[in-house]
Amino acid sequence: MSIKAQKGTKDILPLEIINWQNIEKAASEVFSKANFKEIRTPIFEDTALFERGVGDTTDIVNKEMYTFVKSDRSITLRPENTAGVVRAYLEHNMFRESPPVKLWYKGPMFRYERPQAGRQRQFHQIGVEMFGIQDASADAECILLATEFLKKIGLSDLVVEINSLGCNVCRKEYKEQLKEAIAPFLEELCDDCKSRYEKNPLRILDCKNEDCNKLFEEYNLRNKVSGIKLCPECFEHYKKLKMYLDALNIKYIENTFLVRGLDYYTKTVFEIKSNNLGSQNAVCGGGRYDGLVETLGGPHTPAVGWAMGVERLNSLIPQLEYSKIDYFVVSDNQIEAVKLASKLREKGYSVEFDHNFRKFSKQLEKASKIANKAIILGEDEIKNNYLTIKNLETSEQEKVLFENIIT
Ligand code: ATP
Ligand code: MG
């Protein structure tokens, strides 16, 4: 039996790769204009990095990690890249640089999830992280970067949702309020929600289980809790963020139920959603994580960032097509054809020739499918040192001196 790609993984085929390259190029261009530098961290890390960094009440750590043991070490394929970037930031003393330190990444992530539309086990993210700035201008810059990047790849009609999760102080009262509102139907919720109830009740709002979501409606949860009552500092930060977003003309919706699936967020959280993606509708998730660098053993460092799912972005973009190559060398002189193709490539043209050196008519047929122009290099051309160039669009032909095209 032939071996197939693993469930939840996909080959990205040559016909699809143009979109990927286009997306990655746009990311690099947009981010470098804001002075973000690319970082590439390893695909596997010490399991403890994610347990500590992502948080042990998250689905990612509890259920979705690809973990294995090698030489008595527990290793995990990265399920996300913020923890890895923070590890690198600390390991290479980037906190000694004058802030902000602005980094971006792209690459595969691994989560053991049920594969479905918009959800794979190996998927790809593009993300940014910005370290060292407490002011909400950093949050705004990250959100702006996301919307600019989306605009550049042709997605300007997406919805930005924002919220503030406050700090531990403001969250304390809210957690109690939530627990009180949830208590009457706690027994009916899924096992995950039951365990979140004590450990991290906020995360109940992020439950993906449809039955739980129905219960939230039935018990009118959304009207029973007011949202987090922010302390003065967090309130100011959130207000300032909205001022920046208004000034930048970024449209947003405030969603007091937006909590995000990771434990490390503080103050600002945001998601960018599309109405054309069905139930897996988020293309971007992010927020501020002022405690994470410290949690992972570094100095207190405010930070903010986001990650986008490239497969989901790609599914919103029409498939681009390859443009035709510049020249197809049509010849029955194998040596001269190979030489000419290589010379033209050196000059910067994209060139192909027929490795089977079939009849001219067959070669021209192939040429008209893949090239803009055919260069005919027959016996007469070689003898008299010229080339016949045929425009395959218009069928016009011209004779050009060999030197004129090569030099
Ligand atoms: P979701 O709620 O869809 O599970 P998440 O909160 O787990 O998303 P993040 O960890 O914030 O997602 O990752 C950021 C983005 O990465 C998501 O908005 C989504 O576009 C993409 N993403 C996350 N998990 C997957 C997956 N399994 N397959 C494809 N894309 C994914
Ligand atoms: Mg998820």
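Pairing residues of the range 290-312 that are over 11 Å from Arg87 (Cα atoms) with residues that are part of a helix (DSSP H, G or I) and polar (S, T, N, Q), at Cβ distances under 9 Å and at least 6 apart in sequence or on separate chains, gives Gly291/Asn168; Ala303/Thr82; Gly305/Thr82; Ala307/Thr82. Scanning the range 157-212 for residues that are within 23 Å of Asn62 (Cβ to Cβ), among the acidic types (Asp, Glu) and in contact (Cβ under 8 Å) with a residue 60 or more places away in the chain turns up just one, Asp192.
Is it the case, given these coordinates, that Phe270 is under 27 Å from Asn209 (Cβ atoms), surrounded by fewer than 16 Cβ atoms within 10 Å (Cβ to Cβ) and within 16 Å of ligand 1 (Cβ to nearest atom)? For Phe270, the condition - under 27 Å from Asn209 (Cβ atoms), surrounded by fewer than 16 Cβ atoms within 10 Å (Cβ to Cβ) and within 16 Å of ligand 1 (Cβ to nearest atom) - is not met. In the set Ile375, Ile317, which member is surrounded by fewer than 18 Cβ atoms within 10 Å (Cβ to Cβ), out of contact with any Lys or Arg (no Cβ under 6 Å at 6 or more places or on another chain) and not charged (D, E, K, R)? So the residue among Ile375, Ile317 that is surrounded by fewer than 18 Cβ atoms within 10 Å (Cβ to Cβ), out of contact with any Lys or Arg (no Cβ under 6 Å at 6 or more places or on another chain) and not charged (D, E, K, R) is Ile317. Quick one: is Arg78 touching a Gly at 6+ places or on another chain (Cβ under 9 Å), at pLDDT 95 or above, closer than 17 Å to Leu296 by Cβ and basic (Lys, Arg)? Answer is yes for this residue. Residue count for the range 211-243 under the criterion of being under 12 Å from Leu189 (Cβ atoms) and surrounded by fewer than 17 Cβ atoms within 10 Å (Cβ to Cβ): the result is 5. Going through Val351, Val293, Val310 one at a time, which residue ends up being more than 25 Å from Gln21 (Cβ to Cβ) and not charged (D, E, K, R)? Just a single option satisfies the conditions, and that option is Val293.
Taking the range 244-257 as the range and being in a helix (DSSP H, G or I) and either surrounded by fewer than 13 Cβ atoms within 10 Å (Cβ to Cβ) or of a type in the set (Gly, Ala, Ser) (or both) as the test, the residues that pass are Asp246, Ala247. Each residue in the range 351-399 was checked for being without any contact (Cβ under 8 Å) to a residue 40 or more places away in the chain, among the hydrophobic types (A, V, I, L, M, F, W, C) and in a helix (DSSP H, G or I), and 3 pass. One residue alone among Leu155, Leu186, Leu202 is within 27 Å of Gly107 (Cβ to Cβ) and of a type in the set (A, V, I, L, M, F, W, C), and that residue is Leu155. When Val101, Val54, Val61 are checked against the criterion of being away from ligand 2 (no atom under 16 Å from the Cβ), among the β-branched types (Val, Ile, Thr) and surrounded by 12 or more Cβ atoms within 10 Å (Cβ to Cβ), Val101 stands alone in meeting it.
Taking the range 1-116 and the helices (runs of 4 or more DSSP H) fully enclosed by it, the elements with 3 or more residues that are within 15 Å of ligand 1 (Cβ to nearest atom) and within 16 Å of the chain's Cα centre (by Cα) are at 14-33, 82-91. Does the range 119-130 contain any residue that is outside any loop (DSSP other than H, G, I, E, B), basic (Lys, Arg) and within 12 Å of ligand 1 (Cβ to nearest atom)? Within the range 119-130, one or more residues are outside any loop (DSSP other than H, G, I, E, B), basic (Lys, Arg) and within 12 Å of ligand 1 (Cβ to nearest atom).
The values are calculated or read from the model by the stated rules, or taken from the named source; none is laboratory data. Owing to the predicted nature of the structure, the values given are computational and were not obtained by experimental measurement. FYI the Cβ positions are ideal-geometry reconstructions off the backbone, even for glycines, and counts take in every protein chain you see.
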